[in-house]
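Beneath this line is the structure, given in structure tokens, with notes to follow.
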Amino acid sequence: MDLEGLLGAVRQQFRPYEKSFPDFAELPRKGVAQSEVLALLRRFQRAEEGRWKEGYVSGAVYHGRDGHTRFSTRAYALASLSNPLHPDVWPSLVKMEGEIVAMTSHMLGGGPSTRGALTSGGTESILMAMKAYRDWAREKRGITDPEVVLPASAHVAFDKACHYFGLRPRIVPLGPDFSADVEAVKEAISPNTVAVVGSAPCFPYGVMDDIRGMSEIAHDKGVGFHADACLGGFLLPWARSLGYPVPDFDLRLPGVTSISVDPHKYGYTPKGISVVLYSDPELLHKQYYVAKRWPGGIYFSTSMAGSRPGGLIAAAWATMLSLGEEGYRTMAARILGSAKKMRAGIGERSGVTLMGKSHFVAAFTTKPQDVYQVMEHLARRGWFLNGLQNPPGVHLAVTVRHVARSVRERFLKDLDWALLEAARPSAPSGLAPIYGLAEALPEEAVGEFFESVIDWIYHGD
Ligand SMILES: Cc1ncc(COP(=O)(O)O)c(C=O)c1O
């Protein structure tokens, strides 16, 4: 592999402004005029907005229509200085936060004892739930060597939680349909298991795990079950009401003891808001933090963060109120209808195989072409897709940005071109070798390699 070439490609992709924008490595001695600063921001916006606006990006921006964005930005502005760390100063945030949690709980089958909290995103919701299970099991079951049963497709945030909180991940394989192997889940549960995890649906393939089956097993064994609906939680209820086959996945199932769901994805709010819900208030208490002896005073927080952006809570609350059930159902109908056509179009290309069934994600692999080369050629045509590994693949999560027919037609045309290009003999190029590398090297070496790539991205050396 040509390391120089690879780092050059990384530089081009992640540090494109090195020559074309002024550098600010230290505070300017005299402040830059606000108009000039805003002009710089507009230049960034102009350089980047077209990618996601014109549907070239998988997931990432889930709505993004101008009127919608303007409305949530105005709501943000009205509360931009507020902070729920001071509920006495901003009790309006207590009300809004409580209502976001309550509306989400209602949507996902929560009952009178369901409790929840807001976090900064799916990852933090998952971190909090895993910490809650660890602490609860230590107190109630005396478990000091806690384990979590994770299907291989569970979001990486669960691994991160294990890493941060001293939990052992017990990774179980997927079945041929890319959903968790329920028998393997059952076998992986041990006396040290504090929680079992299932996805509704998972990030890589958009495939639903058998949440009913797995949560029943967890329930029978007396362990917690976390349903990760970060991606699907704001689409699936409306998909079901539109007649799509959606198996039970939420708090209506007695074995589901917690669920994470992200307003900042298909809830169409600005980034920075997720909800974690628990069927038992005692579990939520295990995510709270209360400091009693600190000279700075009595201090409590409901999640990892201390200060939090009240503006984002206001923007999320405003978005959810203004869309209402009808708004969410309408958007879901458009997204699901487009995803169906997109998947059909992709699936009928020769050499392309869809990976698993999904209502709104199209994950696929190619043969004989190397799928990472196909992805690289699509990148040359402007597409930002997600590369998958173990096994190799690529995915497109369909959002409001993809509902126009012209976007679908453009993608399929570019896919045809990429398939032809990737069939020609050529050396791997662009960022494609990174995926091959991650699969070929030992985990430790991949870790070290990526540490230097991250340094390269953020520090340029
Ligand atoms: C299924 C699933 N869970 C969790 C997450 C993590 O969410 P976030 O990126 O908001 O931390 C994602 C993100 O795409 C996801 O798809």
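Just so you know, all these numbers are worked out from the coordinates, no wet-lab data involved. The shown structure was predicted, so the numbers you read here are calculated from the model rather than taken from an experiment. Note: ideal-geometry Cβ built from the backbone for every residue, glycine included; neighbour counts use all protein chains shown.
Full extension of the chain between GLU326 and GLU448 yields a length gain of 39.1 nm, computed as 0.36 nm times the residue separation minus the alpha carbon distance. Shown here for the range 295-357: GluC sites (Glu not before Pro) in loop regions (DSSP other than H, G, I, E, B) with at most 14 other Cβ atoms within 10 Å, namely GLU348. 3J(HN,Hα) along the range 47-57: 5, 10, 4, x, 3, 7, 4, 8, x, 7, 10 Hz, from the Karplus curve 6.51 cos²θ - 1.76 cosθ + 1.60 with θ = phi - 60°, whole Hz, x for Gly and Pro. Under 5 Å between amide hydrogens, built in the peptide plane, is the criterion, and for PHE225 it picks out VAL196, THR257, SER258 among residues at least 5 positions away or on other chains. Computed log10 I(q)/I(0) for the chain at 0.11, 0.13 Å⁻¹: -1.00, -1.38, from the Debye equation with unit scatterers placed on every C-alpha and solvent omitted.
Our coupling estimate for the range 293-304, obtained by passing each phi through the Karplus curve with A = 6.51, B = -1.76, C = 1.60 and θ = phi - 60°, is 10, 5, x, x, x, 5, 9, 9, 9, 9, 8, 5 Hz, Gly and Pro reported as x. Taking label points 7 Å from Cα along the Cα-to-Cβ direction, GLU99 and LEU38 give a separation of 3.0 nm.
Along the range 363-378 the Karplus relation, 6.51 cos²θ - 1.76 cosθ + 1.60 evaluated at θ = phi - 60°, assigns HN-Hα couplings of 9, 8, 10, 10, 7, x, 5, 6, 5, 6, 5, 4, 4, 5, 5, 5 Hz to successive residues, with x for each Gly and Pro. Simple rule: put +1 on each Lys or Arg Cβ and -1 on each Asp or Glu Cβ in the range 78-321, find the dipole, and look at TRP238, ALA137, VAL89; the Cα lying farthest toward the positive end is VAL89. A cut-off of 5 Å between modelled amide H atoms, ignoring neighbours fewer than 5 places along the same chain, links PHE203 with HIS155. Close amide-amide hydrogen proximity is noted between SER274 and THR119, SER120, GLY121, each under 5 Å apart and 5 or more residues distant or on a separate chain (H modeled in the peptide plane; Pro and chain starts excluded). Its relative contact order, with pairs defined as Cα atoms under 8 Å and 6+ residues apart, puts the range 78-321 at 27 percent.
Where both bridge residues fall in the chain, DSSP classifies roughly 55% of the beta bridges as antiparallel. Free of any trypsin sites (Lys or Arg not before Pro) that DSSP assigns to a loop and that have at most 10 other C-beta atoms within 10 Å, the longest stretch within the chain is 31-291.
Out of all DSSP beta bridges with both ends in the range 78-321, state the antiparallel percent to the nearest 5. That works out to approximately 45 percent antiparallel.
When the charge dipole of the chain is built from unit charges on Cβ atoms (+1 for Lys and Arg, -1 for Asp and Glu) and taken about the Cα centre, the candidate among PHE300, ALA316, GLY67 whose Cα reaches farthest toward its positive end is GLY67.
The dipole here belongs to the chain: it is taken about the Cα centre, uses +1 on the Cβ of Lys and Arg and -1 on the Cβ of Asp and Glu, and is about 1460 debye. Dipole of the chain computed with +1 at Lys/Arg Cβ and -1 at Asp/Glu Cβ about the Cα centre; of GLY175, GLY31, PHE411, farthest Cα towards the positive end is GLY31. Only helices enter this figure: runs of n ≥ 4 DSSP H residues, each worth -39500 (n - 2.57), summed and divided by the residues of the chain, yield -15000 deg cm²/dmol at 222 nm to the nearest 500. In a simple Cβ point-charge model (Lys, Arg +1; Asp, Glu -1; nothing else charged), the range 356-409 has a dipole of about 200 debye relative to its Cα centre.
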